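Values quoted throughout were computed directly from the atomic coordinates according to the rules given, and no laboratory measurement underlies them. Treat the numbers as computed from the prediction; the structure is a model and nothing was measured. Counting neighbours? That spans all protein chains shown, and the Cβs are built from the backbone with ideal geometry, glycine included.
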Amino acid sequence: MTKTIVDSKLVGNMAFEMELNGHKLITDASEEIGGNNLGPRPKQLLLSGLIGCTGIDVMSMLNKMKVEVEDVSIQASADNTGGTPSVYENIHLVYRFKGKDLPKDKINRAVELSKTKYCGVSAMLEKVTSITYEVIIEE
């Protein structure tokens, strides 16, 4: 088992700067609640982390399958429960693949394997909410 440690420091009113693998990231609150909008909201980063995790998985598998895509985009949407604390539920991912003669079966398999076997972010989030997805392939 390995341990992950992320250090942070307050860099303004409600803004925190973190360094992850040599990359700096600032999170902050919106101006409406007293922040300075210096960076994304922490909860939104959960969805970004999910997109990054599954995207890396899918591209790794497609590369191994020798599937060449021209473009890939992934969109995540989630319902906010409201209240305190407000949490995400019903996360939905839309994968869009562009390219000529893309093999639907391989692409669907890569997305499914990411969701069910490889993506650690998906595995953690699915303990508390549902994650659904759809795959769109465009020429």
Review point. For residue 138 and residue 59, FRET efficiency with R0 = 22 Å and r from the beta-carbon atoms, rounded to 0.05?
Key: 0.80
Check your understanding: So what is the relative contact order for segment 34-93, in percent, with contacts set as C-alpha pairs under 8 Å and at least six apart?
Key -> 24 percent
Point to revise | Charge dipole (debye, nearest 20) of the chain; +1 at Cβ of Lys and Arg, -1 at Cβ of Asp and Glu | key: 520 debye
**Study point:** Percent of beta bridges antiparallel (DSSP, the chain, rounded to nearest 5)
**Key:** 70 percent
Review point. What residue among 42, 103, 85 has the largest mean-square fluctuation in a Gaussian network model of the chain, using Cα springs under 10 Å?
Key: 85
Point to revise | Leading residue at positive end of dipole, the chain (Cβ point charges), from 90, 11, 102 | key: 102
Review point. So what is the orientation-averaged projected area of the chain, using the convex hull of its C-alpha atoms, in nm²?
Key: 10.5 nm²
Point to revise | Mean separation of Cα contacts under 8 Å, 6 or more apart, over the residue count of segment 74-120: relative contact order % | key: 29 percent
Review point. Given the pairs 43/100; 3/106; 43/104; 24/64; 66/98, which span a C-alpha to C-alpha distance of over 25 angstrom in this model?
Key: 43/100; 3/106; 43/104; 24/64
Practice item. Within the set of other residues whose C-beta is less than 12 Å from the C-beta of residue 24, count the net charge using Lys and Arg as +1 and Asp and Glu as -1. Key: -2
Check your understanding: Which listed residue (137, 22, 118) has the Cα farthest towards the positive end of the charge dipole for the chain, taking +1 on Lys and Arg C-beta and -1 on Asp and Glu C-beta about the Cα centre?
Key -> 118
